[in-house]
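Everything below concerns the one structure shown next.
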Amino acid sequence: MSTFFRMRGICKSYFVGGEDTPVLKDIDLDLEPGEYLSVLGPSGSGKSTLMNIIGCLDVPSSGEYVLLDQEVEEMDEIGLAHVRSHEIGFIFQNSQLLPRLSARKNVELPLIYAGMTPKQRKRRAAEMLERVGLAERMDYLPTQLSGGQQQRVAIARALAGNPSILLADEPTGALDQKTGRQVMALFKELNDEGRTIVMITHDMNIAKNARRVVHIIDGELTEGGGVGDA
């Protein structure tokens, strides 16, 4: 597999107020395995729409999207669901943990759909929580954890299924600067271990943690170069 994904001429429009409103305009983008890419853009730039297409949560209006050597347009719903549950680990701005479940149970949840036995799920969740530094907090409820700890649980949950890519949408947006830096340090460690990461953000200070930055403004994408080693 030479690339994780390849986009060519991706456009996305929504029908609003009786007319088509373009959101993405002729996007070309490749991602190599092991890359750490940041998509940087202001509110309304189209970055969330691009993230949804990368994550197979939405489909383009036109253009070609090849993911893991498969044309996404040709995938049926079962195939798309498999990609979302096995190949992509989603991390959102708000951790989206279930408040009545412990950290471990939250991490176990997607593994139920992956068909793991209870014993396998428990072991895998414990391993992932230990990986993000929360081995001693695995039986805590989300309300007993700080914002940064909650986000680390969300990262552990995203890692649990051993996805090919981590797709993070404003992962530090709800955190203070110190905690945000800690989460970014964890992302760097994961990338150094070989994890492929795409991060969506509006914040240049966050974007520059990635090894490569692309800019999106008014639905148009431009390369920003590699910054992670600067």
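The values are calculated or read from the model by the stated rules, or taken from the named source; none is laboratory data. Keep in mind it's a predicted model, so treat the numbers as computed, not measured. Neighbour counts are summed over all protein chains in view; Cβ atoms, including those assigned to glycine, are modelled from backbone coordinates with ideal geometry. All accessible areas refer to the heavy atoms of the entire protein, side chains included, with ligands and DNA or RNA removed. Shrake-Rupley method; radii C 1.70, N 1.55, O 1.52, S 1.80 Å.
Of the strands (runs of 3 or more DSSP E) lying entirely inside the range 12-70, those carrying at least 1 residues that are within 19 Å of V214 (Cα to Cα) and of a type in the set (K, R) are 19-31.
Got a sec? Which of Q120, Q144 is open to solvent by 50 Å² or more (accessible area, probe 1.4 Å), farther than 21 Å from R100 by Cα, over 20 Å from the mean Cα position of the chain (by Cα) and not aromatic (F, W, Y)?
Working: Q144 fails: farther than 21 Å from R100 by Cα.
Only one candidate qualifies: Q120.
Among the residues of the range 89-117, those that are surrounded by fewer than 21 Cβ atoms within 10 Å (Cβ to Cβ) and of a type in the set (V, I, T) comprise I112, T117. Can S85 be described as hydroxyl-bearing (S, T, Y), surrounded by fewer than 21 Cβ atoms within 10 Å (Cβ to Cβ), part of a helix (DSSP H, G or I) and touching a residue at least 24 places away in the same chain (Cβ under 8 Å)? It is true that S85 is hydroxyl-bearing (S, T, Y), surrounded by fewer than 21 Cβ atoms within 10 Å (Cβ to Cβ), part of a helix (DSSP H, G or I) and touching a residue at least 24 places away in the same chain (Cβ under 8 Å).
Given the criteria open to solvent by 50 Å² or more (accessible area, probe 1.4 Å) and of a type in the set (D, E, K, R), does R131 qualify? Against the criterion (open to solvent by 50 Å² or more (accessible area, probe 1.4 Å) and of a type in the set (D, E, K, R)), R131 qualifies.
Condition test on L159, is it at pLDDT below 95 and either within 17 Å of the chain's Cα centre (by Cα) or over 23 Å from I88 (Cβ atoms) (or both)? Yes, satisfied. Confirm whether A154 is buried (at least 22 other Cβ atoms within 10 Å of the Cβ) and either under 16 Å from the mean Cα position of the chain (by Cα) or assigned to a strand (DSSP E or B) (or both). So A154 passes the test. Within the range 24-45, being at pLDDT 95 or above and farther than 30 Å from D192 by Cβ holds for L24, K25, D26.
A Cβ distance below 8 Å, combined with a sequence gap of six or more or placement on separate chains, defines the contacts here; from the range 91-117, residues that are on the phi > 0 side of the Ramachandran plot reach residues that are of a type in the set (G, A, S) and open to solvent by less than 50 Å² (accessible area, probe 1.4 Å) in the pairs Q96/A154.
Taken as a whole, the structure places I78 among residues that are open to solvent by 10 Å² or more (accessible area, probe 1.4 Å) and β-branched (V, I, T). Scanning the range 164-190 for residues that are open to solvent by less than 10 Å² (accessible area, probe 1.4 Å) and in contact (Cβ under 8 Å) with a residue 60 or more places away in the chain gives I165, L166, L167, A168, P171, F187.
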